[in-house]
Structure formats: C-alpha cells, structure tokens
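Structure provided below as structure tokens; questions to follow.
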Amino acid sequence: MSFVIKCMDCNHTTNYYPSSTTCPRCDSQWREVEYDYEEVKKIWETQLKNRNFNLWRYKELLPIRNPNPALSLGEGGTPLIQAVNLGLMLGCQNLYIKDERQGPTSSFKDRQASITISALKEAGITEMVAASTGNVAIAYSAYAARAGIKLWAFVTSLVPAVKMREIALYGSQVVKVTGSYDQAKQVASEFARQRNLYQDMGARTITSIEAMKTIAFEIAEQLTNLHGPVITEDGRSVMRTPDWYVQAISGGMGPIGVYKGFRELKQMGMIDKIPALAPIQAAGCAPMADSWKQGLETATPVKNPKTHIETLATGDPGRAYQVLKSRVDETHGAFESVSDEDAFRAMHVLAKMEGISAEPAAGVAFAGLFQLIRAGIIKPTDTVVINCTGHTMPAEQFILGDNWTRDVVFPTATKLDTPEDGLLSALNQVAPERFPKIAIVEDTLEARRLIRRILQSQGSFTILEASNGREGLDLIQKELPDLVILDMMMPEMDGFSVIEALKANPQTASIPVIVATAKELTMDEKKRLDGQIQALMQKGDFLNDEFLDEVRSLIK
C-alpha cells in the first residue's frame with residue numbers, strides 16, 4: 001500500500017525513510033503519514049473480518065512496505081474489558097478497560113516498539129538510541145533483540161532496578177543518567193548525534209504515532225462486536241466509538257496516535273464521531289494539564305518534577321502540548337491532573353474491584369477518570385474507554401505502604417499442644433478472632449456486592465448481609481454489629497421501620513447507622529431520620545472519601 005509523509009508545517013510531502021527525521025523543505029520534525037484511504041476502505045470491507053486480531057490486521061495503514069512476520073511477538077489485539085464493579089461504584093455503567101498489560105512485555109509500548117523496529121529492520125538500520133523511564137526501553141529491547149538491532153537505553157537513576165535489569169537481560173546497553181527524564185533525553189540526543197545513530201523521539205517519531213492509532217482501530221471493532229453498529233441519521237451502518245478516551249500521559253504520544261486512528265476511520269466513513277480525549281497527568285509533573293487549565297497556548301515546563309511516578313515525569317513536553325491541546329479542544333475533551341496518593345489509591349481500587357493489577361501510570365488514568373466523573377464532566381450515560389497502559393511488576397514498596405503482609409510464626413510444639421492447637425494458634429495471627437462487624441441491609445444484590453467490595457478494598461472487616469428489612473433486623477439483633485449500612489426502600493420492612501426497631505431495643509439502640517439510598521429523600525423523611533442515624537449517603541457517592549472516612553470514624 002502506498003503512503004507519503006506530509007509535513008505538518010509546510011505540507012511538503014516526501015517518501016518515508018526512518019533515518020530521515022525532518023522535513024527536507026522546512027526542517028520541521030513534526031510530520032504525519034498519509035495513505036490512500038479510499039483504497040484501504042475497499043480492502044478492509046472485504047478482507048479485515050478474516051484476519052487475525054492483532055496489530056498487523058491493519059497493515060494497510062502502517063508505514064511498513066513489507067511486514068516481516070518473523071519479528072512479531074504477538075503485539076496488539078488486547079482485550080476490551082467491561083469494568084462492571086467500577087461502573088456500579090461510579091454510577092457510570094458503560095466503562096471499558098483497554099487492557100494493554102497483555103502485550104508481549106506487559107505495556108502499550110509494545111505497539112510502538114513493534115512498528116518502529118520493523119521499519120528500522122526494513123531500512124537496514126542496526127543500531128538505535130532511546131531515552132526511557134522503563135517501559136519503552138523494555139519493549140524496544142525485546143523487539144530489537146529479535147531483529148538483531150543494538151539498543152542504547154538511556155534511563156534515569158530513579159527507574160526501578162528491576163526494570164533496568166530486564167532491559168539489560170535482552171542484551172541492550174543500559175546507560176543510567178543521574179538526573180531527570182528530560183536530562184536523560186538530552187544526553188541520549190547528544191550521544192545519538194555524535195555517533196550518527198537513529199534516535200526514538202517520542203511523539204515526533206512517525207512510527208510511534210502510527211503504532212498507537214491501532215488502539216483506536218481495535219476499540220471501534222470491539223465496541224461494535226459487543227453492542228452492534230451505529231445507524232447514522234442518513235441510514236448508514238458504521239462502527240461504534242466511545243464518548244471518551246482516557247489515558248495517562250507523559251509526552252502525549254498515546255492520545256495523539258489514538259486520535260489519528262479515529263480520525264482516519266472517520267475519514268474513511270467507517271465511524272461517525274471521534275471520542276473526547278482526556279489526557280491525565282501526575283500533579284507533581286503536569287505541564288500540559290496545568291497549562292491547559294490556564295488557557296496557555298504553549299506549555300510552561302516543570303523544571304523539578306515532584307512525583308514518585310517516574311514514567312510520567314516529562315517536565316517539558318515542547319510542541320507535543322500544542323498538538324495534543326488542539327486534539328483535546330477539537331473533541332471537547334479535558335486535561336486533568338491527580339496526586340500520587342490518588343493514583344495509588346486508584347491502583348488499589350482497580351485491583352480489588354476488577355482484579356486488574358496496573359502500573360502507577362495506569363493508576364493516574366483511573367484517578368483522573370474518578371475526578372472527571374465527580375466533576376460531572378463525564379456523564380453517567382457516557383461510554384468511556386480507559387487505557388490500562390501496563391502491569392505493575394513488581395509493586396514497589398511505597399505503593400503498598402506498611403503492614404501489607406501478616407506474619408505467621410508457627411509455634412514450637414510442646415507436650416501440652418496438639419498439632420491442631422499449633423495450627424489454630426498460627427492462623428489466629430493471620431486472621432484475628434474479631435474484625436469489626438459491618439451489616440449491609442440492602443435488597444439489591446449488585447448494591448450489596450458493591451458496598452462489600454468497597455469495604456474489603458479498604459480494610460479488614462467481617463461483612464454480614466441481609467436482603468430485606470425483616471431479615472436485616474433479625475441479623476442485627478443476633479450479631480450486634482459495629483456498624484449498619486441500611487437501604488431505605490426494601491420489601492418486608494422498610495429502612496425507617498428497621499431504625500425505629502433498633503432504637504427501641506437497648507441492645508441495638510447505640511449501633512451507628514449509615515443510610516444509603518438511591519432516591520432523594522423528602523424533607524419530612526429527612527426529619528424522620530434526624531438524630532437517628534450517623535450519615536445519609538447517595539449510592540452514587542460510594543467512591544467519595546466521605547463514605548470511607550465515615551465508616552472508619554464509626555468503627556473506632
């Protein structure tokens with residue numbers, strides 16, 4: 001399939017050579033690939049459905065003239081997973097996770113490495129330079145090893161040693177730079193210049209942007225397979241796209257590429273809308289998010305990043321901000337920034353609610369999602385896809401904090417001990433005889449499950465459940481829990497009657513009650529509860545820290 005490289009500044013077109021990194025007319029480093037989209041559409045309409053679901057499925061829209069199957073490690077084709085529990089918790093039912101952890105080296109950078117290394121191999125290039133905070137160097141190392149290309153990987157000294165060792169394991173040369181990521185990029189650039197070596201330039205690298213757009217192609221196909229095509233006003237059947245695409249960013253390459261993918265699909269008439277983009281940054285290094293919120297056309301650099309999430313610590317995004325800002329504004333999207341603490345909390349919530357262990361950068365994306373929903377920017381009816389950019393392997397100590405294990409010391413047997421006594425003694429160290437008891441009285445199974453998972457994700461509790469008011473009252477009177485979380489509208493006996501019965505019984509009168517209701521109570525109903533309960537929460541507020549703070553305060 002034919003393609004050309006077009007300069008984004010002077011519109012000059014030329015053929016593609018990986019070693020040529022600037023426009024020959026104006027010397028700009030910002031260029032894009034253009035294809036024969038009419039011809040691609042004809043091919044895809046007849047052939048796409050019969051191809052394997054991987055990155056190379058879209059070969060006509062990739063800048064590789066002769067794809068080499070021998071270089072593939074199975075990149076692309078990652079699953080789109082509905083986040084059912086998170087959707088319930090957030091009151092936003094249509095949440096989907098694009099699980100990029102399932103790439104060959106466990107991050108979305110595998111797409112970038114696969115296309116770039118394929119292009120370099122095709123061009124006969126045997127040595128390259130890349131600056132990285134971990135994932136991109138690991139991905140490049142794996143593919144470079146397969147292609148017989150030497151990689152010089154410049155990383156900051158803050159990159160975890162386990163990642164440095166993995167880079168070296170593939171045979172790449174690790175160069176550790178004591179400084180910021182921006183400084184590591186400067187050293188790498190000078191090294192490449194002196195040796196006349198090919199250098200990965202992030203969002204300015206043509207193959208990187210082209211690789212990232214395959215995420216958009218996959219999302220459109222996957223949503224259409226799940227929910228069917230969309231029928232437009234003029235009666236056409238097109239693929240389905242989300243309302244929002246959310247991703248954590250450092251240099252902005254991912255969303256820039258994903259936008260291009262959706263734009264190309266729309267240009268071919270295969271979709272009717274491009275999703276709003278939501279790039280999320282760590283607050284300790286958020287030059288793009290901060291500048292966008294201030295209405296600036298150019299980003300103000302962050303000279304001293306203050307975040308533990310080193311993979312996102314690009315202090316000076318340069319022109320990438322302007323490019324991404326134009327995409328965000330065009331799609332009516334939004335930049336957001338979140339604290340490290342919120343990102344780590346989101347990692348825990350994601351793992352404990354959905355069974356997905358994600359890297360801190362992905363935690364930033366999910367924390368940003370939580371904030372955008374709370375702010376009402378993302379609506380409850382919106383369909384949202386969040387890029388889970390990579391796996392956390394291993395989880396660093398500062399993420400888990402203290403007391404994340406329980407130690408067992410198996411006692412030395414004595415003449416008085418039976419083997420069973422010793423075992424029970426050891427197990428009591430793991431699970432003490434009594435954790436605080438919390439009774440959930442709620443007639444909806446999904447709501448009970450949601451509250452239980454939120455509580456379990458935040459601490460050690462004994463959870464008791466009842467599916468109606470009568471059953472709940474009997475349970476409370478029997479177990480005498482430390483806290484009751486009570487629905488109002490239930491069969492058999494409503495919440496008001498349960499509270500009155502509890503207050504009339506001296507044994508249960510002092511048990512604190514949190515009322516969780518889906519309906520807005522009337523003034524008379526609120527007066528009826530006045531002085532009888534400790535808190536009144538709307539079910540959509542379960543992610544709100546006030547709910548968990550209230551629980552913790554009441555069970556002390």
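Tell me the residue from Glu45, Glu34, Glu60 that is on the phi < 0 side of the Ramachandran plot, in a helix (DSSP H, G or I) and touching a residue at least 12 places away in the same chain (Cβ under 8 Å), please.
Glu60
So in segment 347-392, with the set limited to residues that are over 12 Å from Ala83 (Cβ atoms), of a type in the set (D, E, K, R) and modelled with pLDDT under 95, which one is nearest to the chain's Cα centre (by Cα)?
Glu359
Filter segment 361-378 for residues that are out of contact with any helix residue (DSSP H, G or I) (no Cβ under 6 Å at 6 or more places or on another chain) and touching a residue at least 40 places away in the same chain (Cβ under 8 Å); which is surrounded by the fewest Cβ atoms within 10 Å (Cβ to Cβ)?
Among them, the one singled out is Arg374.
Return the pair list, or none, for Cβ contacts closer than 8 Å from residues in segment 110-125 that are free of Cβ contacts under 8 Å to residues at least 24 places away in the same chain to residues that are buried (at least 24 other Cβ atoms within 10 Å of the Cβ) and not in a helix (DSSP H, G or I), at least 6 apart or on different chains.
From segment 110-125, no pairs qualify.
To keep it simple, each residue is scored yes or no on (1) farther than 24 Å from Asn387 by Cα; (2) under 31 Å from the mean Cα position of the chain (by Cα).
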{"position": "Ser2", "(1), (2)": "yes, no"}
{"position": "Asn15", "(1), (2)": "yes, no"}
{"position": "Ser28", "(1), (2)": "yes, no"}
{"position": "Gln47", "(1), (2)": "yes, no"}
{"position": "Leu55", "(1), (2)": "no, yes"}
{"position": "Asn66", "(1), (2)": "yes, no"}
{"position": "Ala70", "(1), (2)": "yes, yes"}
{"position": "Glu75", "(1), (2)": "no, yes"}
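Considering only segment 491-516, how many residues are touching a strand residue (DSSP E or B) at 6+ places or on another chain (Cβ under 7 Å) and either surrounded by fewer than 17 Cβ atoms within 10 Å (Cβ to Cβ) or assigned to a loop (DSSP other than H, G, I, E, B) (or both)?
Number satisfying all stated conditions: 2.
For segment 85-136, give me each residue that is surrounded by 21 or more Cβ atoms within 10 Å (Cβ to Cβ) and part of a loop (DSSP other than H, G, I, E, B).
Across segment 85-136, the qualifying residues are Cys92, Gly103, Thr105, Phe108, Thr133, Gly134.
Still on this structure, I have one more. Take the residues of segment 18-54 that are modelled with pLDDT under 95 and small (Gly, Ala, Ser): which is surrounded by the fewest Cβ atoms within 10 Å (Cβ to Cβ)?
The extreme case among them is Ser19.
Looking at Ala334, is it crowded, with 19+ Cβ neighbours inside 10 Å and out of contact with any strand residue (DSSP E or B) (no Cβ under 8 Å at 6 or more places or on another chain)?
When the stated conditions are applied, Ala334 does not pass them.
Is one or more of the residues making up segment 171-190 surrounded by fewer than 20 Cβ atoms within 10 Å (Cβ to Cβ), among the basic types (Lys, Arg) and either without any contact (Cβ under 8 Å) to a residue 60 or more places away in the chain or under 18 Å from Arg319 (Cβ atoms) (or both)?
Yes, some residue in segment 171-190 is surrounded by fewer than 20 Cβ atoms within 10 Å (Cβ to Cβ), among the basic types (Lys, Arg) and either without any contact (Cβ under 8 Å) to a residue 60 or more places away in the chain or under 18 Å from Arg319 (Cβ atoms) (or both).
How do the pairs read when you match residues in segment 509-528 that are in the same structural domain as Asp482 (by TED's automatic domain parsing) with residues anywhere that are of a type in the set (Lys, Arg) and outside any loop (DSSP other than H, G, I, E, B), using Cβ under 6 Å and keeping only pairs 6 or more apart or on different chains?
Pairs that qualify, where the first residue is in the same structural domain as Asp482 (by TED's automatic domain parsing) and the partner is of a type in the set (Lys, Arg) and outside any loop (DSSP other than H, G, I, E, B), are Ala509/Lys503; Ala516/Lys539; Ala518/Lys539.
Let me ask something else. For segment 337-360, which positions are in contact with a strand residue (DSSP E or B) (Cβ under 9 Å, 6 or more places away or on another chain), surrounded by 19 or more Cβ atoms within 10 Å (Cβ to Cβ) and touching a residue at least 40 places away in the same chain (Cβ under 8 Å)?
Within segment 337-360, the first condition is being in contact with a strand residue (DSSP E or B) (Cβ under 9 Å, 6 or more places away or on another chain), and the residues that meet it are 337-340, 343, 346-347, 350-351, 354, 356-360.
Narrowing the set further to residues that are surrounded by 19 or more Cβ atoms within 10 Å (Cβ to Cβ) leaves 337-338, 340, 343, 346-347, 350, 354, 356, 358-360.
Matches in segment 337-360: Ser337, Val338, Asp340, Ala343, Met347, Leu350, Glu354, Ile356, Ala358, Glu359, Pro360.
Matching residues to (1) under 18 Å from the mean Cα position of the chain (by Cα); (2) in contact (Cβ under 8 Å) with a residue 24 or more places away in the chain; (3) surrounded by fewer than 24 Cβ atoms within 10 Å (Cβ to Cβ):
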position	(1), (2), (3)
Asn196	no, no, yes
Gly202	no, yes, yes
Ala211	no, yes, no
Thr214	yes, yes, no
Thr224	no, no, yes
His227	no, no, yes
Thr232	no, yes, yes
Arg236	no, yes, yes
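Now for a different question. When Val323 is evaluated against the numbered criteria (1) within 13 Å of the chain's Cα centre (by Cα); (2) surrounded by fewer than 23 Cβ atoms within 10 Å (Cβ to Cβ); (3) not in a loop (DSSP other than H, G, I, E, B), which criterion, by number, is the only one it fails?
(1)
Inside segment 328-356, can you point out the residues that are farther than 18 Å from Tyr96 by Cβ, in contact with a helix residue (DSSP H, G or I) (Cβ under 8 Å, 6 or more places away or on another chain) and in a loop (DSSP other than H, G, I, E, B)? So that I can check it myself, show each step before the final result.
Kept after step one, since they are farther than 18 Å from Tyr96 by Cβ, are these residues of segment 328-356: 328-330, 332, 334-345, 347-348, 352.
Keeping just the survivors that are in contact with a helix residue (DSSP H, G or I) (Cβ under 8 Å, 6 or more places away or on another chain) gives 328, 334-340, 342-345, 347-348, 352.
Matches in segment 328-356: Ala334, Phe335, Ser339.
The values are calculated or read from the model by the stated rules, or taken from the named source; none is laboratory data. Remember, it's a predicted structure, so these values are computed and weren't measured experimentally. Backbone-built Cβ (ideal geometry, glycine too); neighbour counts: all protein chains shown.
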